[in-house]
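Following: one structure in structure tokens, then a few remarks.
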Amino acid sequence: MKKLLTSLIVAAVTLTTLVASVASAAGYNPNKDPNGDGVITVADATYIYQFLNGKYKVPDLTRLDVDDNAVVSAADSMYILMHDAGVLSTSLSETDSIDAVSASQSTREYSVYDAKTGAYKKNYSLSVDDYTNSVSTNSIVSGNYKPETNYDNRGTAKIICVGGSFGSGFVVGKHTIATAGHMVYDGSTASPRKISKILLFDANENPSSFTPVECHVPDLYKSNTFSSNYDYALITVKEDLSDYMSFNLGAITNEASNLSIDVVGFPKSYKETTYNNASYIHNEVLTEGSVISVDDKVFYHSADTLGGNSGGPVFVSETLNGITYNTVVGIHVGGTSTRNTSVRLTAEVLKFLNGNTNIEY
Ligand SMILES: [Ca+2]
Ligand SMILES: [Ca+2]
């Protein structure tokens, strides 16, 4: 949304009256220069948003984490804008530039199935470029970011498949819901699942039903024996989901051990609750925990989950100037008695969820 940066800049300017409280409450690190060009400008804020939209792989995520909380999110971009507006001062002492990454761009293939029948429809590929200093960061970013969190509706979806199994998902775009790969593709039969119902809830826990159209699954999920590393997917729906966009997307850094996270979804022990509209009992459950360890494509956490949590968001809450932002950093995909597994939102996954140009609904 082009209005995003504009609204953030307005917000940053508005915040100039709150210099003291913001600057002291925030963990803003004035030594961080996200794009490594030696100055802190709006281009750094744009750079962070471009990463969050899956435009670039970046060599060192900690550079983008300007408040040093092990999460790269819209909040980091907002700190840069506040700095640019004169709210936060800089003490930039080092101007070490970002080394160009020699590896070529990263490309992943995806298959699309009809959400109701499971019929194959098409495939496509998405590429994430490596960032180099020669790349312009001045363009306006597009994406699904919504700085103001709407708590009237909830962004967590209950996804019910033909046969009765169910799990969770979360709204990431106007017509897209993110979930786990195994929610839409059945590894035991090596075939797409058929989605029978998608429910979202308002503040009074009243469900609304949405019409599933397509399921998108990474081919790497199928070719890697349904590895957790690639256990992510999205479902498109016919209706407009704008009112349910309560999460932003972000990424944890490799230093995220002990980071507090929340998990929300529809655990399986509540399966006996019927989901017909007349008697539906809202049974979304939120559990709290922390990151245990971080791998390249997944991370492990301690929040309690059950089977029906699959596909639900693992998110971080950040408060900036009195407003809380919930940023999803992982998709819950499974667990053991000692730790749970989440797909990490990497540049490739952010591209798929937030910068995907192949969405049909
Ligand atoms: Ca810079
Ligand atoms: Ca941060």
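If you take every residue apart from GLU284 with its C-beta less than 9 Å away from the C-beta of GLU284, what net charge results, scoring Lys and Arg +1 and Asp and Glu -1? Spell out each step's value before the answer.
On the way: positive: ARG154, LYS158; negative: GLU205.
Overall, the nearby charge balance is +1.
So, with +1 on the Cβ of K and R and -1 on the Cβ of D and E, and no other charges, what is the size of the charge dipole of region 156-354 about its Cα centre, to the nearest 20 debye? Show your work: numbers first, answer last.
Values: 13 positive and 19 negative charges, 106 e Å.
I would put it at about 500 debye.
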The rounded separation in angstrom of the Cα centers of region 202-217 and region 176-193 is 16 Å
Over region 312-361, one equal point on each Cα, no solvent: what is log10 I(q)/I(0) by the Debye formula at q = 0.32 Å⁻¹?
-> -1.10
Let me know the shape class of region 156-354, please: from the alpha-carbon gyration tensor, a ≥ b ≥ c as square roots of the eigenvalues, rounded when a/c is under 1.5, otherwise prolate if a/b is greater than b/c, or oblate.
-> rounded
So, by mean Cβ neighbours within 10 angstrom, what's the order for 339-346, 221-228 with the highest one leading?
-> 339-346, 221-228
Return the sequence-ordered ³J(HN,Hα) values of region 114-122 in whole Hz as given by the Karplus equation 6.51 cos²θ - 1.76 cosθ + 1.60 applied to θ = phi - 60°, using x for Gly and Pro.
-> 5, 5, 8, 9, x, 5, 5, 10, 5
Peptide ranges 286-292, 261-267, 111-117 listed from the most packed, as the mean C-beta count within 10 angstrom indicates = 261-267, 111-117, 286-292
Could you list which residues have their amide H under 5 Å from that of TYR325, counting only those 5 or more apart in sequence or on another chain, with H placed in the peptide plane?
-> GLU318, THR319, LEU320
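Quick note: the coordinates plus some simple rules give every number you see, no bench work behind them. Values in this document were obtained by computation on a predicted structure and should not be read as measured data. No Cβ is skipped: glycine too gets one built from the backbone with ideal geometry, and neighbour counts run over all protein chains shown.
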